[in-house]
Structures are given as structure tokens and as C-alpha cells.
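*Asks:* Starting off with a structure, shown below.
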Amino acid sequence: MLVFFSALLLLPACKKEDNRTRPELLASASCWALTKREVYNAGTTQWVDNQLQSCEKDDCYTYTSDGNYTKNEGATKCITSGPQVVSGTWALSPDEQMLTRIENNASFTFSVVELTAERMVLEGSVLGFQTRFTWEAR
């Protein structure tokens, strides 16, 4: 009995390793939802929460294995006269450490801090501020 109960306690610690590549992980989620945005404060050397607007919380980012992505604004659009869906292309650097998205002839490159089937964390410069974005798969 002791062995049985010990095995039950240890079972949650066993986690199946996900051997998919980063491109496969990125394209595996049917929707990536932005859950957190932080800005780096060099004075305090801390990441500071930059609260999301309600209109950002229902956006859905979808990446496909052919290098395309879409951003659907969801039910609440931040710019009411803007398009419901914006599309572009994406690519990872050869070492899979940098993600570049191209949308409307504008290019954005981010360091990939974390990428699992459930969570993606990217960092990069946005309007001169070092910014960290966290997405969760839906």
C-alpha cells in the first residue's frame, strides 16, 4: 500500500516532454490570447505591468505552419473603424530564438523567452520601450 500511495504522489511530477519544434508549437494553438504586457523600468531594473485594455483581451492571434498569421480583434475592437482581422507573415530565426512578424509592410522582431504548447513569452522594443508580452493558448 505504501508503494501505491507513493506512486500516486509522484505521478503529477512526471510530465511528458513535448518534442515539437518551436514552429510546430507556435502553430499548434488555435488561438493565442494576450494575457499580460510589461514594460522594463531600467531605473528599478524591474518589469512593470502595463495593463491591457479590455479591447485587447479578446483578440485572437493564430499562426499557421505555412508562415502566415492572423489577428482577430474579437467582439470588442480597439479601433472601431479598423479591420476585424489583420493578417501578415511570421518567421523564426534559424536558431528559433527570434520571432519576426510582418504586417502592412511593418516588421516587428521579438526574442522568444518561452514557447510551450500553453504559453508564449516574447520581448522586444516597442516605441522605444523594452516590452514583454505573454500569450496563453486557448
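*Asks:* With every protein chain left in place, what is the accessible area per residue of the range 19-84 in square angstrom, probe 1.4 Å? Intermediate results must be reported in sequence, preceding the final value.
*Replies:* Working: 3790 Å² over 66 residues.
The answer is 57 Å² per residue.
*Asks:* Quote the FRET efficiency, to the nearest 0.05, computed for residue 117 versus residue 47 with a Förster distance R0 of 25 Å and r equal to the Cβ-Cβ distance. Don't skip to the answer; put the middle values down first.
*Replies:* Working: r = 24 Å, r/R0 = 0.95.
For R0 = 25 Å, the calculated efficiency reads 0.55.
*Asks:* Given (i) -0.33, -0.54, -1.00, -1.25; (ii) -0.79, -0.93, -1.14, -1.23; (iii) -0.42, -0.65, -1.19, -1.49 as candidate values of log10 I(q)/I(0) by the Debye sum over Cα atoms at q = 0.10, 0.13, 0.19, 0.22 Å⁻¹, which corresponds to the one derived from the coordinates?
*Replies:* (iii)
*Asks:* Tell me, how many Å apart are the Cα centres for the range 82-138 and for the range 20-68?
*Replies:* Measuring centre to centre over Cα atoms gives 7 Å.
*Asks:* Can you give me the distance in nm between label points at residue 98 and residue 55, each placed 7 Å from the Cα along the Cα-to-Cβ direction?
*Replies:* In this crude label model, residue 98 to residue 55 measures out at 3.2 nm.
*Asks:* With the contact rule set at Cα under 8 Å and sequence spacing of 6 or more, what percent relative contact order holds for the range 27-125?
*Replies:* Values: 167 pairs, mean separation 16.4, N = 99.
Once normalised by length, the contact order is 17 percent.
The values are calculated or read from the model by the stated rules, or taken from the named source; none is laboratory data. Everything numeric here is computed off the predicted structure, so don't read it as measured data. Note that each Cβ is placed from the backbone with ideal geometry, even for glycine, and that neighbours are counted across all protein chains shown. Quick note on the areas: whole protein, heavy atoms, side chains included, nothing else; ligands and nucleic acids left out. Shrake-Rupley method; radii C 1.70, N 1.55, O 1.52, S 1.80 Å.
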